[in-house]
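Notes to accompany the following structure.
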Amino acid sequence: MTAPRAWRRFTPGQTAARTLARLGLAAVVAWMLARLGVRWEWVADAPTQIGDLLGRMFPPEWAFAPALVDPLIQTVNIATLGTALAVFLSLPVAFCAALNTTPNRGAYALARFVMVVSRSVDTLIWALIFVIVVGPGSLAGMLAVAMRSVGFVSKLFAEGIEEIDRGQVEAVAATGATRGQLLVYGVLPQVRPVLAGVCIYRWDINIRESTVLGLVGAGGIGFALNEAILGLEWSRVGLILVVILGVVIVSEAASAYLRGRAT
Amino acid sequence: MLEVTALDKTYPGGDHALRAVSFTVEGNDPVFVIGPSGAGKSTLLRCINRLVEPDRGSVRLDGEEITALEGAALRAARRKMGMIFQEFNLVERLTVMENVLSGRLGYVTLWRAWRRRFPPEDVEAAFATLARVGLEGFEGKRADELSGGQRQRVGIARALVQRPKILLVDEPTSSLDPRTSESVLRLIVDLAAEDRIPALVNIHDVPLARAFARRILGLREGAIVYDGPVEGLTDEALARIYGGAVLGEDAR
Ligand SMILES: Nc1ncnc2c1ncn2[C@@H]1O[C@H](COP(=O)(O)OP(=O)(O)OP(=O)(O)O)[C@@H](O)[C@H]1O
Ligand SMILES: [Mg+2]
């Protein structure tokens, strides 16, 4: 008989280190919670407040619905035109940001910079900026959506470009085609399905984003929502929230359908 | 006339793919390049039309030095060389007609290429070339709907519609079954003869090369070890190209 063999996943030293790490993590979380400045009496009151709010929103003021048609159309238009503009701007950015099509390092760096700027500023902040630049309304909203989307679209699009079959492009190059012709004839046909998928996906996101743009004056249904909240018209707020939910569901279904068809 | 002189190529990875390769293609007879895998056959063709940059040496087509060209001049030179690929390399999501017409890209503007508005004479030439490769009526099909043999015929049409001075053909049959291989190779050789242009054809299959070639270039480890008529391709010559030990039945 041999003695039973001992086995430990961790050495005693490792176990001590892991315990310390957990204690440290717990301390950090506790400190963060303390810094939140939670007013516990308000939190305790929250269920009553929710009940009260829902009570005031219900039933929604259905008669107000006709007044929402125009803001709703604006919202869809902001998202759609914004997406279209973003895709148009994304094409050159993506070609510069893909390693296999970029003309030079400078263009590559610039395109990557454009992507980072676009993606690091939220749509609402873009909207605030454009409300100042072009005044309140749907134009500001559309530009904000476009600026925010360029980074997203061109990033995914550039990734698609990097995955194309080089052989097909080489064959076009061998005929004596120019750089531009290579892109149009050898690259673009290969990435078209990716492009279509990304467009539809981003359009879906933009529908949701453009519902809040009105909060900062950039047009659409968010504008009506803001007015109703400021005017304490809670049953209107209820109606608007229902309408937004409906639009998002419809756009999601539409994009799922279109994405299925695009491939 | 194609004159290749002392062409040398080492890849960044360190593979010395071509070693002082020199030969001349005169007249319109096809020249077949054989050699083991990795001998540098593809590199040789790609250095001729500069899909790969050679390190040293010279390539002249009808007296024009290709290795010195840049930009528009290089593109103009490429128009004179039609290339046919092992993997066909058609733009898969485009139609047969668009693929054939890509052979005319060197002659049209970007704007026309974008809108697919090729001059009527180019469209006419594309239809005629499709008929020559036996694909009449296929113009509207998408390339990814075709069989391998049909794809390679489109590849041949794309190269021929350039009206090149020479065909560069890289293992045109390696992705095809034996019967299709033979008909595709026959088509390339016959059409090149009709157009009175030479073809430089890389090929793995020695019996197939014997069946079609009059002149053979043997490449081994980047160097030419045989250059002569097909009749001179003795066992001894094959051993020089492929190395004695690996010379099996099928190499004869
Ligand atoms: N793009 C590349 N980068 C680095 N090395 C390469 C590249 N292409 C080819 N090589 C190397 O150069 C050498 C010659 O390759 P090449 O493709 O020209 O040979 P080949 O005769 O065409 O072979 P095969 O019959 O397998 O097609 C090989 O050692 C290969 O690994
Ligand atoms: Mg090869």
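Comparison of B:G35, B:G27, B:G14 shows that the only residue that is more than 19 Å from B:V169 (Cα to Cα) and either within 16 Å of ligand 2 (Cβ to nearest atom) or at pLDDT below 95 (or both) is B:G14.
Within region B:179-194, is there a residue that is farther than 30 Å from B:R104 by Cα and away from ligand 1 (no atom under 16 Å from the Cβ)? Yes, that holds for at least one residue. Of the residues examined, B:R50 is not one that is surrounded by 19 or more Cβ atoms within 10 Å (Cβ to Cβ) and either within 16 Å of ligand 2 (Cβ to nearest atom) or in a helix (DSSP H, G or I) (or both). Of everything in region A:75-108 that's more than 19 Å from the chain's Cα centre (by Cα) and in a helix (DSSP H, G or I), which residue is nearest to A:G137 (Cα to Cα)? Selected residue: A:P92. Restricted to region B:208-222, and to residues there that are open to solvent by 30 Å² or more (accessible area, probe 1.4 Å) and within 16 Å of ligand 1 (Cβ to nearest atom), the residue that is farthest from B:G35 (Cα to Cα) is B:E221.
Do you know which residues across region A:25-62 are acidic (D, E) and surrounded by 10 or more Cβ atoms within 10 Å (Cβ to Cβ)? A:D45, A:D52, A:E61 - these are the residues of region A:25-62 that are acidic (D, E) and surrounded by 10 or more Cβ atoms within 10 Å (Cβ to Cβ). Number of residues in region B:77-94 that are outside any helix (DSSP H, G or I) and open to solvent by less than 30 Å² (accessible area, probe 1.4 Å) equals 10. Taking the numbered list (1) within 28 Å of B:V184 (Cα to Cα); (2) within 14 Å of chain A (Cβ to nearest Cβ); (3) touching a strand residue (DSSP E or B) at 6+ places or on another chain (Cβ under 9 Å) in turn, B:V25 passes all entries but (2). I'd like the full set of residues that are of a type in the set (K, R) and in contact with a strand residue (DSSP E or B) (Cβ under 9 Å, 6 or more places away or on another chain), limited to region B:59-95. Across region B:59-95, the qualifying residues are B:R60, B:K80, B:R93.
Filtered by the rule that a residue be within 16 Å of ligand 2 (Cβ to nearest atom) and at positive phi, region B:84-143 gives B:F88, B:N89.
The set of residues in region B:61-94 that are more than 7 Å from chain A (Cβ to nearest Cβ) and without any contact (Cβ under 8 Å) to a residue 60 or more places away in the chain comprises B:E64, B:E65, B:I66, B:T67, B:A68, B:L69, B:E70, B:G71, B:A72, B:A73, B:L74, B:A77. Elements of the type helices (runs of 4 or more DSSP H) sitting completely within region B:95-193 and holding at least 2 residues that are within 14 Å of chain A (Cβ to nearest Cβ) and surrounded by fewer than 16 Cβ atoms within 10 Å (Cβ to Cβ): these cover B:110-115. Among the helices (runs of 4 or more DSSP H) confined to region A:172-263, the ones with at least 3 residues that are within 14 Å of chain B (Cβ to nearest Cβ) and either open to solvent by less than 20 Å² (accessible area, probe 1.4 Å) or touching a residue at least 40 places away in the same chain (Cβ under 8 Å) (or both) are located at A:188-210. Just one of (1) in a strand (DSSP E or B); (2) open to solvent by 40 Å² or more (accessible area, probe 1.4 Å); (3) hydrophobic (A, V, I, L, M, F, W, C) fails for B:F32. It is (2). Can you tell me how many residues within region A:127-166 are crowded, with 17+ Cβ neighbours inside 10 Å, part of a helix (DSSP H, G or I) and not hydrophobic (A, V, I, L, M, F, W, C)? Of the residues in region A:127-166, 8 are crowded, with 17+ Cβ neighbours inside 10 Å, part of a helix (DSSP H, G or I) and not hydrophobic (A, V, I, L, M, F, W, C).
Please find, among B:L61, B:L44, B:L69, the residue that is on the phi < 0 side of the Ramachandran plot, more than 16 Å from ligand 2 (Cβ to nearest atom) and either touching a Leu at 6+ places or on another chain (Cβ under 7 Å) or open to solvent by 60 Å² or more (accessible area, probe 1.4 Å) (or both).
Going through B:L61, B:L44, B:L69 in turn, the sole match is B:L61.
Examine region B:39-49 for a residue that is at the interface with chain A (Cβ under 9 Å from one of its Cβ atoms) and not basic (K, R), and state whether such a residue exists. Yes, region B:39-49 contains at least one residue that is at the interface with chain A (Cβ under 9 Å from one of its Cβ atoms) and not basic (K, R).
The values are calculated or read from the model by the stated rules, or taken from the named source; none is laboratory data. Since we're looking at a predicted model, the values are computed, not measured. Here the Cβ is made from the backbone with ideal geometry for all residues, glycine too, and neighbour counts use every protein chain on show. These area figures cover heavy atoms from the full protein model, side chains too; ligands, DNA and RNA do not enter into them. Shrake-Rupley method; radii C 1.70, N 1.55, O 1.52, S 1.80 Å.
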